[in-house]
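The values are calculated or read from the model by the stated rules, or taken from the named source; none is laboratory data. Remember, predicted model here, so these are calculated numbers, not experimental data. With ideal geometry, Cβ positions are generated from the backbone for all residues, glycine too; neighbour counts draw on all protein chains shown. Accessible surface is based on the protein model in full, side chains and every heavy atom, while ligands, DNA and RNA are left aside. Shrake-Rupley method; radii C 1.70, N 1.55, O 1.52, S 1.80 Å.
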Amino acid sequence: EKGVVQPWAVPANRRGPLLNHKDAAVKARATKAFQPQGTADRMKVFEEHKSVLKLAANAKNGHAVFTKTCAACHQFAGEGAKVGPDLTGVRLQPAEALLLHILVPDAEIYHGFTAYEIETRDGRTLTGLLASDSPTSVTLRAAQGIEETLLRSNIAKMTSSSSSLMPNELEKTMSRQELADLIAF
């Protein structure tokens, strides 16, 4: 509640018991504390798009949407870049959960996929996932799997983000039918 620990830094197995606590006051406090900023607006978008789950979807067309929209950062069955989580096993998740993760990327950030922002001493700003970290250097991985290694001596500031590296508003890059097809894929 005090912001000492970012909500996304608390693993799901620790959040769950608090979010489902039998004491309504504890549950309400946890719900407020674990909701990332901006998620309320994205949850509205999620609710507005649930109707896509009722559309007749075409997985083959969804593959094309994946290639165009997702493959720069995600792999599925070996296709795509290794930036965000591998999506090969997502078929085990309900379609509504997939829709949530697409439309509200900050809802849950899995361990190891925290975005970092680095300001360099020469004035550049880089954002990406921490691919490697040593006493002398840091390597960030960005879209398309592009990595950049920076010497720690050249880093002016490095901060972790409470936001996902995955952008919001992906629904604006595709039609509702394409979104349904992507989920079917």
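Can you say whether F113 is of a type outside the set (V, I, T), in contact with a His (Cβ under 6 Å, 6 or more places away or on another chain) and in contact (Cβ under 8 Å) with a residue 24 or more places away in the chain, as far as the supplied structure shows?
Numbers: of a type outside the set (V, I, T): yes; in contact with a His (Cβ under 6 Å, 6 or more places away or on another chain): no; in contact (Cβ under 8 Å) with a residue 24 or more places away in the chain: yes.
So F113 does not fit the description; no.
Quick one: which strands (runs of 3 or more DSSP E) sit completely within region 134-185 and have at least 2 residues that are open to solvent by 50 Å² or more (accessible area, probe 1.4 Å) and among the hydrophobic types (A, V, I, L, M, F, W, C)?
Details: elements: 137-141, 147-151, 155-160.
Output list reads 155-160.
From E117, E108, grab the single residue that is open to solvent by 30 Å² or more (accessible area, probe 1.4 Å), charged (D, E, K, R), more than 23 Å from N58 (Cα to Cα) and assigned to a strand (DSSP E or B). Give the steps one after another, and end with the answer.
Numbers: E108 fails: assigned to a strand (DSSP E or B).
One residue alone meets the criteria, E117.
Does region 78-85 contain any residue that is in a helix (DSSP H, G or I), in contact (Cβ under 8 Å) with a residue 60 or more places away in the chain and out of contact with any Phe, Trp or Tyr (no Cβ under 9 Å at 6 or more places or on another chain)? Write out each step before concluding.
Within region 78-85, the first condition is being in a helix (DSSP H, G or I), and the residues that meet it are none.
Among the residues of region 78-85, not one is in a helix (DSSP H, G or I), in contact (Cβ under 8 Å) with a residue 60 or more places away in the chain and out of contact with any Phe, Trp or Tyr (no Cβ under 9 Å at 6 or more places or on another chain), which makes the answer no.
Does T173 satisfy the criteria of being of a type in the set (V, I, T) and under 30 Å from S51 (Cβ atoms)?
Numbers: of a type in the set (V, I, T): yes; under 30 Å from S51 (Cβ atoms): yes.
Judged against the criteria, T173 is a match.
Does D122 qualify as being over 16 Å from the mean Cα position of the chain (by Cα), charged (D, E, K, R) and assigned to a loop (DSSP other than H, G, I, E, B)?
yes
Within region 62-77, which residues are over 16 Å from L170 (Cβ atoms), open to solvent by 40 Å² or more (accessible area, probe 1.4 Å) and either outside any loop (DSSP other than H, G, I, E, B) or in contact with a strand residue (DSSP E or B) (Cβ under 9 Å, 6 or more places away or on another chain) (or both)? Full working, then the answer.
The initial filter retains those residues of region 62-77 that are over 16 Å from L170 (Cβ atoms), namely 63, 75, 77.
Right, trim to open to solvent by 40 Å² or more (accessible area, probe 1.4 Å) and you get 63, 77.
Of everything in region 62-77, just one residue is over 16 Å from L170 (Cβ atoms), open to solvent by 40 Å² or more (accessible area, probe 1.4 Å) and either outside any loop (DSSP other than H, G, I, E, B) or in contact with a strand residue (DSSP E or B) (Cβ under 9 Å, 6 or more places away or on another chain) (or both), namely H63.
Taking the stated definitions as given, is T88 open to solvent by 40 Å² or more (accessible area, probe 1.4 Å) and over 22 Å from K60 (Cα atoms)?
Working: open to solvent by 40 Å² or more (accessible area, probe 1.4 Å): yes; over 22 Å from K60 (Cα atoms): no.
Considered against the rule, which asks whether it is open to solvent by 40 Å² or more (accessible area, probe 1.4 Å) and over 22 Å from K60 (Cα atoms), T88 comes out as no.
Yes/no per residue for (1) at pLDDT 85 or above; (2) under 29 Å from E178 (Cα atoms); (3) surrounded by 14 or more Cβ atoms within 10 Å (Cβ to Cβ):
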| residue | (1), (2), (3) |
| --- | --- |
| K2 | no, no, no |
| N13 | no, no, no |
| G16 | no, no, no |
| K22 | no, no, no |
| Q37 | no, yes, no |
| R42 | yes, yes, yes |
| S51 | yes, yes, no |
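Listed residues S134, S162; which is within 21 Å of the chain's Cα centre (by Cα), among the small types (G, A, S) and on the phi < 0 side of the Ramachandran plot?
On the way: S134 fails: within 21 Å of the chain's Cα centre (by Cα).
Result: S162 is the single residue among S134, S162 that is within 21 Å of the chain's Cα centre (by Cα), among the small types (G, A, S) and on the phi < 0 side of the Ramachandran plot.
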